[in-house]
Amino acid sequence: MTRVLIVDDHALLRDSLRGALEDVGYEVVGEAGDGERAVALTLTTRPDVVLMDVTMPVLDGIEATRRITSRIGDVRVLVLTMHTDPALVARARAAGASGYIVKDTPLDGVVAAVARVAAGRNVMSPGLAPTPVAEPLAPADEGAALSTREEEILQLLADGCAPGEVAKALFISPNTVRNHLASIYGKLGAHDRTQAVVEGLRRGVIRLREAAV
């Protein structure tokens with residue numbers, strides 16, 4: 001029997017999710033309304049899947065996911081959120097999330113996503129990534145280092161800025177940002193912003209910073 005921990009700061013949504021999961025035979029081992037409680041419950045109940053919100057009090061879902069996956073290697077985290085920003089998707093994936101779906105997904109779709117994650121597959125809501133989740137990165141030039149400006153741009157993307165916001169923050173034109181992005185993608189072997197951020201985190205050229213999500 002698949003064991004699920006539900007994490008969301010809205011009690012009514014937790015109730016709906018519990019009912020939908022229990023109706024198909026899943027065991028809901030607990031509920032949490034914040035990320036810190038989620039980490040504690042995961043350590044004590046050892047669920048197969050944690051259904052994780054992002055925006056919560058005390059500790060956000062991204063950091064909670066990171067702490068959970070770093071402490072319990074076999075737990076699977078499925079993010080369920082209203083946020084669709086590519087940088088946030090990248091942060092969730094870098095934190096160890098096995099799936100990322102949006103809250104307008106029907107309950108039966110959420111249940112199906114839990115089943116897929118529990119079976120060891122990665123899932124993502126349609127439209128969140130320009131390329132399939134499992135698509136490998138393009139061949140990267142491992143010897144090509146990002147310039148200081150490129151690192152600044154990639155860090156801003158990881159912080160959740162859109163390209164237009166990056167241009168304003170660095171006082172450069174949108175066209176210059178696009179040119180830098182093309183160079184960043186080539187050096188990191190990335191097809192899009194999400195993959196570039198993930199690869200930048202993997203290489204250690206950028207970092208995740210605490211942010212209100």
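Rule-based calculations on the coordinates, nothing more; no lab input. Model, not experiment: these values are computed from the prediction. With ideal geometry, Cβ positions are generated from the backbone for all residues, glycine too; neighbour counts draw on all protein chains shown.
Of note:
- Ordered by the count of other Cβ atoms within 10 Å of each Cβ, fewest first, Ile184, Ile72 give Ile72, Ile184.
- Degrees between helix 35-45 axis and first principal axis of the chain (Cα, 0 to 90, nearest 10): 50
- Tensor-based shape of the range 148-203 (alpha-carbon gyration tensor, a/c under 1.5 rounded, otherwise prolate or oblate): prolate
- Shape of the range 3-124 from the C-alpha gyration tensor: rounded (a/c under 1.5, with a ≥ b ≥ c the square roots of its eigenvalues).
- Cα-based helix-to-principal-axis angle, 107-118 vs the chain, degrees rounded to 10: 80
- Between helix 174-188 and the chain: long-axis angle, C-alpha atoms, 0 to 90°, nearest 10: 70
- Structure-based [θ]222 nm, the chain - -39500 (n - 2.57) summed over DSSP H runs of at least 4, per residue, nearest 500: -14500 deg cm²/dmol
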